[in-house]
Each structure stands twice: as structure tokens, then as C-alpha cells.
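Enquirer: Take this structure first; my questions come after.
The values are calculated or read from the model by the stated rules, or taken from the named source; none is laboratory data. Note that this is a predicted model, so its numbers are computed, not measured. Counting neighbours? That spans all protein chains shown, and the Cβs are built from the backbone with ideal geometry, glycine included.
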Amino acid sequence: MKSSFSLVLVLVGAICGSLMNAASAQSLVERLGYPAGTKLIIIHADDLGETHAVNAAAIQALERGAVNSASMMVPCPWFPEIADFAKSHPDADLGLHLTLTSERVYYRWGPVAPGDQVPTLIDENGYLRHDWDDHPRIDPKQVEIELHAQVERALRMGVHPTHLDSHQYRLIMNGKELFDAMLRVAHGYKLPVFVTRDWFAQYPYLASSIGPDDVVLDHTVTIDPDVPAQKWVDFYLTALKNLQPGVTEFVIHPGFNDEELRAATRERPTWGAAWRQRDYDFFTSEEFRQALQRENIKLITWRELARRWAKK
């Protein structure tokens, strides 16, 4: 009986959540000053700073206007290059891709904070952990120390980020304590955080943590590793055709399929060099631009979103 009652509560909650999401999709664009039913999209490139090939592809895409937003990984070896770009392009919509893992096998990076301040985040060699499967107890206080260190390094290097998001969604999917740590850091620097209503059902603590002053997107789209290379374009065209009203972020991973990126990502094809080249090719294509026009989709950036939200 108890389990049946719990199931009813879950179903009712899901239905209510769906209704709220539908209403919020309209109210968000209206609060941003757009007519109800408007489809707004952020084309967001992840992982800048990871390698030169990723930086070069993202910079080209940003300068061509194909990609209109991105975020940078402060602990990574090629962050200084993209930091220089950010400093010389102050109008670019560049955030920080808060990074707590070093997921590659042969290409690694460590924390920005001293290792003795964040011991639960590092492995025996001083690198950020490859994953958290074998070390589930990550200290939220140490997470907050590392996040502050990453933002402060970016600021010292002349970067003025427009938003924060989370590499591999570690700060989203690993519990309320870590998400709240990210929120505290974001609020301290008066920066919006990438969070979307799409995640509320799976991670209900997100909705309970955010407040009325937090910007919450309506939807997100990212390609799944199960999509074969020959269906890459079809996936994105279908996603654009089926785009719902509200603000949607497309999370993409452009890069050039060159020797450097192939070496850095050679242990697996997911988010590897060929994957990133396909993302770059589609989002810099005329086919993508035509799809935006055909579906009457408007581009928006985190910079514009935060500015309009502040005037709500």
C-alpha cells in the first residue's frame, strides 16, 4: 500500500512538473522581453582550453558567428591561449566550464588550488580524478575551494566570464551539496549558472536550490554517443525542427581532427577528435544557418540573457 501511494505521488509530481515546465517556457521568454512562443537558442561550445585544436575550432566558429557562446576549462594546459582570446574579445560570450575531473587517460591536468587544500579531488599523482566511481566521497568544502580558485585565476588573467557551467555535469548530477557549492560561488561573483528545467525530474534538488533571481533555461540539447556518424546532421536538423518555445542551449564540442586532438583523445571515440570535427562542420555549415531561418529560431547569448534578466 505504501509503495502504491508513493507511486501516485511520483506520478502526480511528474504531471505537475510537466505543467509547470510548459508554463515556464512561455514566461521565461516573456520575462526576457520576447513574445510568447518565441524559440531562443544558445549554441554553446564546451571544453575551450582543453587543447589547441579545440581552441582553434571554437575561435573560428565564434568569429564566423556560427557558435555564439562557449565556456573555458581553467585547469587545462591550453587555457592561457583562450584566456588571451577572451581578453582581446571582451564582447565574446565566454563562461567558465568548472572542472573537477581529468577524464582522459594520457592527457591530464591538476587542480588550480594547492593539492593539500583539495585532497578528495585528486589522485595519488596529484591530478584531478579520472572519475568519481572509485572515490564517491568528494568534500563539498574542497569543491568550493577549487571553484573559487578557478574563477580567481580566470579573473587574474583578464577573463570576465559571462556565466558558469559544469564539466561533465559533475556539479549537477552528484547531489545537492555540490550543486549548492556551485550556486554559492556563482552568487558570490554575480554570475548565472547553466541549469535547465529538463533536469528537474531526474535531479529534484535543483529546483529546491535555485531562487527567483537565478536564470533557469527551459531545455538543453546535446548529441548522444549512440548517434552514428552518418546520422550526425540528421540528429541536429531534427532537434532544430522539433525545438520547443523557450530558451534552449545546444551543448556542442567543436574541435579539429588533427594529430594533437587525436593523440589527446585516443583512448575512446566519444567526444574525441572525429566527434568534435563533426560538430564543427555542422554548426559552421550553411545547412545549419538555413535551418535556423526555416524554423524561425533566434539566437541569444548568456550575456544578453543575464542583461535582460536583470531588467525583469
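Enquirer: When the residues of the range 146-191 are narrowed to those that are surrounded by 22 or more Cβ atoms within 10 Å (Cβ to Cβ) and of a type in the set (D, E, K, R), which ends up farthest from the chain's Cα centre (by Cα)?
Expert: E146
Enquirer: Hey, among A66, A53, A70, which residue is over 20 Å from G272 (Cβ atoms) and small (G, A, S)? Full working, then the answer.
Expert: Values: A53 fails: over 20 Å from G272 (Cβ atoms); A70 fails: over 20 Å from G272 (Cβ atoms).
Criteria check complete, one pass: A66.
Enquirer: Quick one: how many residues across the range 252-293 are free of Cβ contacts under 8 Å to residues at least 40 places away in the same chain, outside any loop (DSSP other than H, G, I, E, B) and farther than 17 Å from A57 by Cα?
Expert: Result for the range 252-293: 2.
Enquirer: To continue, here is another question. Can you confirm whether D198 is over 25 Å from L128 (Cα atoms) and either more than 18 Å from the chain's Cα centre (by Cα) or buried (at least 20 other Cβ atoms within 10 Å of the Cβ) (or both)?
Expert: no
Enquirer: Given the criterion part of a loop (DSSP other than H, G, I, E, B), at pLDDT 95 or above, of a type outside the set (A, V, I, L, M, F, W, C) and within 18 Å of E50 (Cα to Cα), identify the matching residue among G110, G95, G158.
Expert: G110
Enquirer: Which condition does R153 not pass, out of (1) farther than 24 Å from S208 by Cβ; (2) free of Cβ contacts under 8 Å to residues at least 60 places away in the same chain, if it passes all the others?
Expert: For R153, the exception is condition (2).
Enquirer: Let me ask you something else. Is it the case that some residue within the range 34-51 is over 24 Å from E304 (Cβ atoms) and modelled with pLDDT of 95 or more?
Expert: Among the residues of the range 34-51, at least one is over 24 Å from E304 (Cβ atoms) and modelled with pLDDT of 95 or more, which makes the answer yes.
Enquirer: Moving on. Within the bounds of the range 96-108, is there any residue that is surrounded by fewer than 24 Cβ atoms within 10 Å (Cβ to Cβ), among the polar types (S, T, N, Q) and closer than 23 Å to P192 by Cα?
Expert: yes
Enquirer: Is it true that some residue in the range 265-283 is touching a strand residue (DSSP E or B) at 6+ places or on another chain (Cβ under 8 Å), closer than 13 Å to V221 by Cβ and surrounded by fewer than 17 Cβ atoms within 10 Å (Cβ to Cβ)?
Expert: No, the conditions are met nowhere in the range 265-283.
Enquirer: Only one of E30, E50, E103 is more than 14 Å from P254 (Cβ to Cβ), acidic (D, E) and assigned to a loop (DSSP other than H, G, I, E, B). Can you tell me which?
Expert: Testing whether each residue is more than 14 Å from P254 (Cβ to Cβ), acidic (D, E) and assigned to a loop (DSSP other than H, G, I, E, B) leaves just E103.
Enquirer: Another question, if that's okay. Exactly one condition in (1) at pLDDT 95 or above; (2) touching a Pro at 6+ places or on another chain (Cβ under 7 Å); (3) assigned to a loop (DSSP other than H, G, I, E, B) is not met by L178; state its number.
Expert: (3)
Enquirer: In this structure, does R170 turn out to be touching a residue at least 12 places away in the same chain (Cβ under 8 Å), basic (K, R) and either closer than 23 Å to A70 by Cβ or touching a Ser or Thr at 6+ places or on another chain (Cβ under 8 Å) (or both)?
Expert: Criteria met by R170.
Enquirer: Here is a further query. Just give me the residues in the range 78-96 being more than 14 Å from I42 (Cβ to Cβ) and either among the hydrophobic types (A, V, I, L, M, F, W, C) or in contact with a His (Cβ under 9 Å, 6 or more places away or on another chain) (or both), in sequence order.
Expert: W78, F79, E81, I82, A83, F85, A86, K87, P90, L96
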